Amino acid sequence: MERSSARSTVLVTGGCGFVGGHLVRSLARHGHRVVVVDRLPWRDGHAESVCLDVTDPEGCREVMREVDPKVVFHLAASSTIDSAFADPHGSLMCNVTGTMNLLEAARRHCTNLHRFVLASTDKVYGELHADAYLETSPLAARGVYDVGKLAADTVTRLYGDELGLPVATLRLCNVFGPGDRHTGSRIVPRTLSRLFAPDGPLPPVVYEGSMEHGRDYVYVSDAVRALRTVAFHPRALGEVFNMAPAAHRTTLDLVEDLIEEARRECEKPDPDRARAIVKNGYVVVAADTGAALPRALTRQHCDATKLGGLGFRVTVSMKDGLRRTVRAFSGSSGRT
């Protein structure tokens, strides 16, 4: 499907982010002209760069007029629960108003738009009360980040259903892999930043109330392939899809998996660190009950049968994905 669209112009908002960066490089490898729209400049080659805050409506109109993309991948967002909670107004402006600005600019100024793809999240469903979320499950988001993404999700479907824009939505689960810089908030890079601390491994921190929280996880290359599938498959037009996970893990299980993979990675080149990683284990910390904190969902799990109907299958197992991520992180941490 995608080969017939090679060399078409694609626009990626949030292209300097974790998933966005992987997507940009993948699209460039597949022969597309890629334009990155981000508040930061794109410096990695293989793409053109437009510095823009998507909350600027005139800027969105101008970039759509000038680029006139065939496909828009909209990933620009307030990207973590913690950052959204710390700045609810800024987060909602980005996630809601930014999405509205881009949709309206695309509707008015794109002359041959094939697909507007929104990267949404499984958090739009809220707490899981069944075996798995279906795309038809009720949407019951409650946190700042979750509600902002739900609003963007709903507005995107509005522009498709009522205003005729060729849209599609992918509700991502927790994506992990090399290049995720959110070491303060996301469990995989946060854990690895401690295991590969320059002065020696530190025990990963697990919050007492989150140990049994369950999440779906997928390696970043599979998330990128799913975004491309939703963008170019003819049967994805106007549809919403749950991301297919590589595995479901509790927080504690994931931390233990990362400890074991880090031990394996260090065993030959750095046996002292490997032994220290095992000896340290992890630390359980009680949440600060006096602090204002975002409310966490207890369990999330997606049914991805619908995405499978497009022929999509996850290709990187959880174990292999963690191994690749640990290897990349250990190499970039300066450990020799």
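The values are calculated or read from the model by the stated rules, or taken from the named source; none is laboratory data. These figures come from a predicted structure and were not determined experimentally. Every residue, glycine as well, gets a Cβ built from its backbone with ideal geometry; the counts of neighbours run over all protein chains shown.
Of note:
- Condition check for Gly90: crowded, with 22+ Cβ neighbours inside 10 Å and either in contact with a Gly (Cβ under 9 Å, 6 or more places away or on another chain) or of a type outside the set (D, E, K, R) (or both): no
- Any hit, the range 198-210, residues being crowded, with 24+ Cβ neighbours inside 10 Å, modelled with pLDDT of 95 or more, hydrophobic (A, V, I, L, M, F, W, C) and in contact with a helix residue (DSSP H, G or I) (Cβ under 9 Å, 6 or more places away or on another chain): no
- Applying the criterion of being in a helix (DSSP H, G or I) and touching a Ser or Thr at 6+ places or on another chain (Cβ under 8 Å) to the residues of the range 231-253, the residue that is surrounded by the most Cβ atoms within 10 Å (Cβ to Cβ) is Ala236.
- Selection status of Asp82, assigned to a helix (DSSP H, G or I) and modelled with pLDDT under 95: yes
- For the range 36-87, taking the residues that are among the β-branched types (Val, Ile, Thr) and under 19 Å from the mean Cα position of the chain (by Cα), the one that is surrounded by the most Cβ atoms within 10 Å (Cβ to Cβ) is identified as Val37.
- Cβ pairs under 7 Å, 6+ apart, first in the range 124-136 and farther than 18 Å from Leu307 by Cα, second of a type in the set (Ser, Thr, Tyr): Glu127/Thr298
- Asp216 meets the stated requirement of being among the charged types (D, E, K, R), modelled with pLDDT of 95 or more and touching an Asp or Glu at 6+ places or on another chain (Cβ under 9 Å).
- With respect to the conditions (1) at pLDDT below 95; (2) over 19 Å from the mean Cα position of the chain (by Cα), Phe329 lacks only one, and its number is (2).
- Members of the range 18-62 that are in contact with a Ser or Thr (Cβ under 6 Å, 6 or more places away or on another chain), within 24 Å of Pro189 (Cβ to Cβ) and assigned to a strand (DSSP E or B): Val36
- Among the residues of the range 123-171, the one identified as surrounded by fewer than 19 Cβ atoms within 10 Å (Cβ to Cβ), small (Gly, Ala, Ser) and in a helix (DSSP H, G or I) is Ala151.
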